[in-house]
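First up is the structure itself, then whatever we jot down about it.
Just so it is clear, none of the values below were taken in a lab; they were calculated from the coordinates. Keep in mind it's a predicted model, so treat the numbers as computed, not measured. Because the Cβ atoms are built from the backbone with ideal geometry, glycine has one as well, and the counts that use them run over all protein chains shown.
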Amino acid sequence: MAKYTNRRSKKAGLPPGTLIHIGKRKTERVKITIINYDEAHFYDHIIQIIDTIETFREMLSGMLDIYISSISNRTNEIMKILTIIATIFIPLTFIVGVYGMNFEYMPELKWRWGYPVVWVIIIAVSVSMLVYFRRKKWL
């Protein structure tokens with residue numbers, strides 16, 4: 001674009017540094033505007049445009065950081081809930097795994113109240129862990 005405008009300004013016999021703007025209106029007439037800029041004025045405008053672009057880039061970077069931070073916080077909340085659920089089920093899995101091995105010499109297997117006692121222990125462990133997590137304000 002610079003070569004194009006410089007060539008046109010040379011053809012028109014204008015001094016160097018003169019910009020020519022050619023634009024069409026709705027009436028199909030060609031409007032030619034000749035703007036005489038000295039180099040310092042043109043340089044100031046370029047610096048101002050670069051500063052504006054840098055400001056927008058920094059604002060966009062800040063907004064992206066805020067968005068990533070909010071996504072990270074949401075992920076942390078989800079991970080906390082999943083960890084609590086896993087923490088509750090790990091001891092229950094251990095208890096059920098021990099009683100699921102079908103050992104012959106486990107006295108509580110032949111005891112009349114063995115099955116209900118295991119259920120009471122499982123429920124007590126679950127409830128006690130839930131109460132503990134609520135007191136710590138993790139739930």
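Things worth noting here:
- Sites matching chymotrypsin sites (Phe, Trp or Tyr not before Pro) across segment 76-110 that sit in DSSP coil, with at most 11 neighbouring C-beta atoms within 10 Å: Phe103, Tyr105
- FRET efficiency estimate (nearest 0.05) - Cβ-Cβ, Phe89 to Arg112, R0 41 angstrom: 0.90
- For a paramagnetic label modelled on Tyr99 (point 7 Å from Cα along Cα→Cβ), amide N atoms under 20 Å away belong, within segment 114-139, to 114-130.
- Alpha-carbon centroid distance for the pair segment 49-82 / segment 88-125, whole angstrom: 49
- Cβ-derived FRET efficiency at R0 30 Å, Ile50 paired with Ile81, nearest 0.05: 0.05
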